[in-house]
2 protein chains.
Amino acid sequence: MTRDVRRSGCPIGIALDLFGDRWSLLVVRDLLFKDRRTFGEFADSGEGIATNVLADRLSRLELAGIVERRADAADGRRAVYHLTEKGFALAPVLVEMVIWAARHEDTDAPPAEVREMERHRARFMASLRKRWSRR
Amino acid sequence: MTRDVRRSGCPIGIALDLFGDRWSLLVVRDLLFKDRRTFGEFADSGEGIATNVLADRLSRLELAGIVERRADAADGRRAVYHLTEKGFALAPVLVEMVIWAARHEDTDAPPAEVREMERHRARFMASLRKRWSRR
DNA sequence: TCAGATAACTTGCAGATCGCAAGTAAGATT
DNA sequence: AATCTTACTTGCGATCTGCAAGTTATCTGA
């Protein structure tokens, strides 16, 4: 991923500079919807990201201020990742992606949940924020 | 881009299989917000996509049913691309990306327009749909 | 009518990135 | 002390990207 230069001032271009690839948003998804927080949990999240690529994405996301890395006080080996406010603010993007994919592709998303997030976006966002805020 | 296999049933994973890269959503953006419709217009859209990559992305987007390619009746050289309904349905994803980037990065997006799309999402979507429907 | 232009790609190639397997280093567990 | 776990890093072949230069079909102006 060669995007160390910002190629335009277009907000979509800039966003894609930061997370326009196969993996970055999957990490954000893990942090937002699943309760995965560690390197190992991301690596085992089922889609088969290579560990070198995962390490690269985590450091890019951290550099972008989307993710924050904290050392685990209880276990010195462990690093715990969290979404920053800026990272959490990507939730609407992910929610719209889920709604889109659920409608137009064949997914595993439970239809009831998708309908809930679609019809009561604000309520759903509030519940996400609640979970996120006790990070 | 090697994503000819669907790696999971996760809606976000599936969405990223289809457009998780640096360029695909920029083509959708050009079709949705700018009025670019031809290969040459996409190629000259400023972010510097290589023509071989553009050709690849257009054919993938077409295969995914996001974009439709039509021969121009008036000019036999020209191909005109359009968003399908499925492609247009990505508008909320792009809108949320614009809002996110405008708030968290330094972009060229006019603040007034961003505020408009943020405070009156439904109205903004309706105006986009109107433009799109006379495609 | 025919010699350019033009549009939409395709090709070739070097360099960057990816996926995979196998390390490594530091800290925890037994 | 030996082993396990966790978070990475390294090496390498395969794939993808960016860049420049074609190619083909169609249009346009003299």
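Every read-out reported here was derived from the displayed coordinates using simple, explicitly stated rules and does not represent laboratory data. Values in this document were obtained by computation on a predicted structure and should not be read as measured data. Virtual Cβ from ideal backbone geometry, glycine too; neighbours counted across all protein chains shown.
For this structure, a couple of remarks:
- Of all residues in segment B:71-86, those being of a type in the set (A, V, I, L, M), out of contact with any helix residue (DSSP H, G or I) (no Cβ under 7 Å at 6 or more places or on another chain) and in contact (Cβ under 8 Å) with a residue 40 or more places away in the chain number 1.
- A:Trp23 passes every criterion in (1) of a type outside the set (A, V, I, L, M); (2) near DNA strand D (Cβ under 10 Å from one of its atoms); (3) within 30 Å of B:Glu47 (Cβ to Cβ) apart from (2).
Rundown of residues vs (1) more than 9 Å from every other protein chain (Cβ to nearest Cβ); (2) within 16 Å of DNA strand C (Cβ to nearest atom); (3) within 25 Å of B:Ala64 (Cα to Cα), yes/no style:
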site	(1), (2), (3)
A:Arg57	yes, yes, no
A:Leu63	yes, yes, no
A:Gly76	yes, yes, no
A:Ala79	yes, yes, no
A:Gly87	yes, no, no
A:Leu90	no, no, yes
A:Thr107	no, no, yes
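- Of the residues contained in segment A:79-88, none is found to be surrounded by fewer than 19 Cβ atoms within 10 Å (Cβ to Cβ), of a type in the set (Gly, Ala, Ser), within 16 Å of DNA strand D (Cβ to nearest atom) and under 15 Å from B:Gly13 (Cα atoms).
- Residue selection: B:Asp17 satisfies the criterion of being over 14 Å from the mean Cα position of the chain (by Cα) and at the interface with chain A (Cβ under 9 Å from one of its Cβ atoms).
- A residue that is within 30 Å of B:Ile49 (Cβ to Cβ), away from DNA strand C (no atom under 11 Å from the Cβ) and out of contact with any strand residue (DSSP E or B) (no Cβ under 8 Å at 6 or more places or on another chain) occurs nowhere in segment A:44-54.
- For segment A:50-135, the helices (runs of 4 or more DSSP H) that sit wholly inside it and include 2 or more residues that are aliphatic (A, V, I, L, M) are A:51-63, A:91-104, A:111-119, A:121-133.
- Filter result for A:Gly9 (small (Gly, Ala, Ser) and more than 13 Å from DNA strand D (Cβ to nearest atom)): yes
- Here B:Leu26 does not qualify as more than 9 Å from chain A (Cβ to nearest Cβ), farther than 23 Å from A:Asp108 by Cβ, under 14 Å from the mean Cα position of the chain (by Cα) and not in a loop (DSSP other than H, G, I, E, B).
- Qualifying position, being farther than 25 Å from A:Leu18 by Cβ and either touching a helix residue (DSSP H, G or I) at 6+ places or on another chain (Cβ under 6 Å) or polar (S, T, N, Q) (or both), among A:Val98, A:Val114, A:Val93: A:Val114
- Criterion violated by B:Leu32 - all others in (1) surrounded by fewer than 14 Cβ atoms within 10 Å (Cβ to Cβ); (2) aliphatic (A, V, I, L, M); (3) within 12 Å of chain A (Cβ to nearest Cβ) satisfied: (1)
- Filtered by the rule that a residue be surrounded by 12 or more Cβ atoms within 10 Å (Cβ to Cβ) and basic (Lys, Arg), segment A:95-123 gives A:Arg103, A:Arg115, A:Arg121.
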